[in-house]
């Protein structure tokens, strides 16, 4: 690319940047990322989850904000690593010299990490967003070890969804019947719509269709050079249609007529790298057994899963389980499932020790369901010496005391907010 074209893109992006409603994210993401420290700050997450908006918010709070470019722009299709020097010159010719740089969706450019390392070595502060987790393990791990800090961003949590809707929650709301009704209604909407910010503004299903296609074709098929995309597309749809169910590489290999289970493993890895799906291992202190056992799959967003699979929409329990998984995943826990004589949905592990056991179900009103859920939870708690376990349901609330153990049954809308 020539420098004049780069200047046109820089100016055009600056002039056309839209004012987007900013919603304060949980865990004070913006404060952590904009901290005055020597590290390269990386924001990763699925497409359209709000990374660019967060980056723009950080820019607005900084004195230096001009050296910014979004590489997810068709005018930059021909941009290569050799063009970074021209980009450097273009910024310095257009604006006064600054020491703070902002790169959006930089993983689209091969060799970007060398330029970023150079900027860092010269004393610049660099903020980066990207839609692929693998860029951290490969590019950053090779060239920027010890120089960066990563933050993962997801679509809105339920608390963020309420802030988006201008609904402020306080402790009194949990005890006020009229407010509880509003919270429950809002939660049911959240389950159906999910948390992609721009979709919530329009609620146009075509937005989710385009988003899903971009994730599959641009972030997986194109990035990894997959020639037979049909199998990958069918497998992604199958996995989203069977959220929370156990599956294995060998079972998927047979289902899709693939000769080698390694291909299945790679495909699932690609879908995880772009944050579309997540896999959960069965808990075992033996890593070898963990990897050999079947896995459970969860989706980045229930609204997207509703669009992709009508089967997912039909099972409220699986929807709730997916939301609880995302809640735990965003909290940076190591998450597993338990299965021995009975089953438990989630085992939360910290510092290689199981510290929490969680069951998720729509309701435990039915005697058989209650017995099954309590039995699986109790087995996991006893096996891993976990004193307090949780059953997350749609509406029930209760505390059960057993010898040496406590089981708390909590409505999911309250669990997500507390």
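The values are calculated or read from the model by the stated rules, or taken from the named source; none is laboratory data. Here the structure is a predicted model, which is why all the values come from computation and not from measurement. Counting neighbours? That spans all protein chains shown, and the Cβs are built from the backbone with ideal geometry, glycine included.
Among the residues making up the stretch 5-49, those that are over 28 Å from residue 78 (Cα atoms) and touching a helix residue (DSSP H, G or I) at 6+ places or on another chain (Cβ under 7 Å) are 20, 22, 23, 24, 25, 26, 29, 30, 33, 34.
Quick check: anything in the stretch 402-416 surrounded by fewer than 15 Cβ atoms within 10 Å (Cβ to Cβ), under 30 Å from residue 173 (Cβ atoms) and at pLDDT below 95? Among the residues of the stretch 402-416, not one is surrounded by fewer than 15 Cβ atoms within 10 Å (Cβ to Cβ), under 30 Å from residue 173 (Cβ atoms) and at pLDDT below 95, which makes the answer no. For the stretch 149-164, what are the residues that are out of contact with any helix residue (DSSP H, G or I) (no Cβ under 7 Å at 6 or more places or on another chain) and surrounded by fewer than 20 Cβ atoms within 10 Å (Cβ to Cβ)? Listed by number, the residues that qualify are 149, 152, 163. On the basis of being modelled with pLDDT under 95, outside any loop (DSSP other than H, G, I, E, B) and surrounded by 14 or more Cβ atoms within 10 Å (Cβ to Cβ), does residue 20 make the cut? Against the criterion (modelled with pLDDT under 95, outside any loop (DSSP other than H, G, I, E, B) and surrounded by 14 or more Cβ atoms within 10 Å (Cβ to Cβ)), residue 20 does not qualify.
For residue 374, the criteria (1) within 30 Å of residue 213 (Cβ to Cβ); (2) out of contact with any helix residue (DSSP H, G or I) (no Cβ under 7 Å at 6 or more places or on another chain); (3) surrounded by 14 or more Cβ atoms within 10 Å (Cβ to Cβ) hold in every case but one, which is (1). The stretch 273-381 holds strands (runs of 3 or more DSSP E) entirely within its bounds, and those carrying 1 or more residues that are more than 25 Å from residue 235 (Cβ to Cβ) and out of contact with any strand residue (DSSP E or B) (no Cβ under 6 Å at 6 or more places or on another chain) map to 343-350, 353-360.
If you go through the stretch 113-132 one residue at a time, how many are in a helix (DSSP H, G or I) and free of Cβ contacts under 8 Å to residues at least 40 places away in the same chain? Here the count works out to 7. So for the stretch 88-104 (the condition being part of a helix (DSSP H, G or I) and closer than 28 Å to residue 200 by Cα), does at least one residue qualify? There is no residue in the stretch 88-104 that is part of a helix (DSSP H, G or I) and closer than 28 Å to residue 200 by Cα.
Could you count how many residues in the stretch 54-99 are farther than 12 Å from residue 9 by Cα, crowded, with 19+ Cβ neighbours inside 10 Å and in contact (Cβ under 8 Å) with a residue 40 or more places away in the chain? The total comes to 4.
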